[in-house]
Amino acid sequence: MQRLPELDPGTLAGRQKEVYDTIAGGPRGGVRGPFVALLQCPDIADYVQGLGAHIRFEGALPGPLRELAILMTARFWTAAYEWCAHAPIAEKEGLAPEIIAAIGDKKTPEFQSAEEKAVYDFCQEALEQRRVGDDAFAGVVDALGREGAAELAAVMGYYSLISMVLNTFEIAPPEGAESPF
């Protein structure tokens, strides 16, 4: 059960209303999921949504690679809302459905590109070992450069934060989606 009541924008005032309007008027097109919980601390919500908007809509990582990292992070945290929100985005961005399904099943996917494999190895080590070994780091730097490696680490950190918020506040998957885990 969700730990917060349904968000009623008509009851918001001051900084909460300002941040709500920023999120609703931005590229997400609405306030849902983790932002319902984060609005309890509007200043934090504003910083978090700004970082997330940059990562998701302005970042340098190609869409399929970004979404691969997001899904791996969501699966690691068993964040059903995040998975349900991003699995369709990942497919739309060009990540193969077989890769999405394998990650959902906690299996190593068959990759078509060296970049996808490098991102997978990097994320897998970071999430499971809490460190990235020299080989996985070098693989991502070869595939994406140092900027790509830094952004990839930031994507995983951001979506770990989002996953923790979703899990803490027991935010259910989006309407119409069943929990995948």
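On the basis of being outside any helix (DSSP H, G or I), farther than 19 Å from Met164 by Cβ and in contact with a helix residue (DSSP H, G or I) (Cβ under 7 Å, 6 or more places away or on another chain), does Val132 make the cut?
Yes.
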Given (1) touching a residue at least 60 places away in the same chain (Cβ under 8 Å); (2) loosely packed, with under 15 Cβ neighbours inside 10 Å; (3) part of a helix (DSSP H, G or I); (4) hydrophobic (A, V, I, L, M, F, W, C), number of the condition Leu4 does not satisfy: (3)
So Ala87, is it surrounded by fewer than 17 Cβ atoms within 10 Å (Cβ to Cβ) and of a type in the set (Gly, Ala, Ser): no
Qualifying residues in the stretch 138-155 (those that are of a type outside the set (D, E, K, R) and surrounded by fewer than 19 Cβ atoms within 10 Å (Cβ to Cβ)) - the one farthest from the chain's Cα centre (by Cα): Ala138
Condition check for Phe76: buried (at least 16 other Cβ atoms within 10 Å of the Cβ) and over 19 Å from the mean Cα position of the chain (by Cα): no
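Only one residue in Pro27, Pro42 is more than 30 Å from Arg146 (Cα to Cα) and in contact (Cβ under 8 Å) with a residue 24 or more places away in the chain. Which one? Can you show your working first?
On the way: Pro27 fails: more than 30 Å from Arg146 (Cα to Cα).
Answer to the check: Pro42.
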Any hit, the stretch 145-152, residues being closer than 27 Å to Arg32 by Cβ and either modelled with pLDDT under 95 or in a loop (DSSP other than H, G, I, E, B) (or both): no
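The values are calculated or read from the model by the stated rules, or taken from the named source; none is laboratory data. Since this is a predicted model, take the numbers as computed values, not measurements. With ideal geometry, Cβ positions are generated from the backbone for all residues, glycine too; neighbour counts draw on all protein chains shown.
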